[in-house]
Amino acid sequence: MFGYSLDIIYLIILIVIGCCTVLYLFFADIADVSLDTIPIFDPAIILSFITFTAAAGYIFERFTSFTSLIILGIAFFIASIFTALLYFFLLVPLRSAEVSLAYTDASLESQVARVIVPIPLDGFGEIVIEGVNGIISKRAASYHHVEIPYDTQVLIIEVRDGTAFVAIYENEEFTF
């Protein structure tokens with residue numbers, strides 16, 4: 001084909017699509033055109049299918065004596081299996097995972113926490129914040145310079161230098 005053997009064509013396709021895949025990894029957020037309802041139109045799936053097909057085609061053309069049509073069929077079959085495994089065991093769990101487990105001090109402000117070490121009048125105690133990221137323990141001081149006993153719900157007013165300044169949380173419930 002085009003004056004080249006099929007194994008060279010498979011190798012060229014493998015290299016070109018491999019480079020496109022690397023570029024897609026770097027620029028996926030900009031170029032993300034996938035439709036969430038139809039996963040077959042996801043560029044990661046299409047690129048991986050072509051890569052697996054070219055790799056299997058190259059290996060079979062190079063090391064077996066099958067006809068080119070049989071090799072193409074085997075390459076499609078192998079690519080389908082590997083692409084399905086990649087999709088169901090790597091891409092689906094990654095897309096359903098949390099974006100980040102990290103938190104910032106600013107993200108803790110206005111959250112409700114519980115005192116686990118009593119906070120003295122002009123000293124430090126400790127609080128825990130329970131959230132989707134797990135349990136976070138922070139050093140705490142009273143915002144209004146009052147003592148806060150153990151197991152009291154507090155509201156984080158601000159976080160400065162790793163210390164959460166808290167006030168006693170008064171939960172107002174409205175009944176109609």
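The values are calculated or read from the model by the stated rules, or taken from the named source; none is laboratory data. It should be emphasised that the depicted structure is a prediction, and the values quoted were computed from it without experimental measurement. Ideal geometry is used to build each Cβ from the backbone, glycine not excepted, and the neighbour counts take in all protein chains shown. Keep in mind that these areas ignore ligands, DNA and RNA; they rest on the heavy atoms of the full protein, side chains included. Shrake-Rupley method; radii C 1.70, N 1.55, O 1.52, S 1.80 Å.
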About its Cα centre, the stretch 54-124 carries a charge dipole, from +1 on Lys and Arg Cβ atoms and -1 on Asp and Glu Cβ atoms, whose size in debye to the nearest 20 is 420
If exposed means GluC sites (Glu not before Pro) lying in a DSSP loop and surrounded by at most 10 other beta carbons within 10 Å, then the longest stretch of the chain lacking such sites spans residues 1-97
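With runs of 4+ DSSP H residues as the only contributors, calculate the mean residue ellipticity of the chain at 222 nm using -39,500 (n - 2.57) per run, divided by the residue total and rounded to the nearest 500.
The helix-only estimate for the chain comes to -13000 deg cm²/dmol at 222 nm.
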Here FRET efficiency (C-beta to C-beta, residue 12 to residue 136, R₀ 41 Å, nearest 0.05) is 0.20
Ignoring ligands and nucleic acids, residue 160 exposes an accessible area, probe 1.4 Å, in Å² to the nearest 10, of 110
Expressed as a whole-number percentage, the relative contact order of the chain with C-alpha contacts under 8 angstrom and at least six residues apart is 14
For the pair residue 80 and residue 65, the simple spin-label estimate (label points 7 Å beyond Cα toward Cβ) gives in nm 2.9
Here the stretch 136-145 yields Karplus 3J(HN,Hα) values (6.51, -1.76, 1.60; θ = phi - 60°; whole Hz; Gly and Pro given as x) of 10, 9, 9, 5, 9, 9, 6, 6, 9, 6
Expressed as a whole-number percentage, the relative contact order of the stretch 44-97 with C-alpha contacts under 8 angstrom and at least six residues apart is 43
Gyration tensor (Cα only) of the chain to equivalent ellipsoid, semi-axes in Å sorted down, yields 61, 16, 13
In nm, the gap between the two label points placed 7 Å beyond Cα toward Cβ at residue 110 and residue 122 is 3.3
For 124, 49, 63, 82, the accessible-area ranking with a 1.4 Å probe, largest leading, is 63, 124, 82, 49
Computed for the chain: size of charge dipole around the Cα centre, +1 on C-beta of each Lys and Arg, -1 on C-beta of each Asp and Glu, debye to nearest 20, value 1000
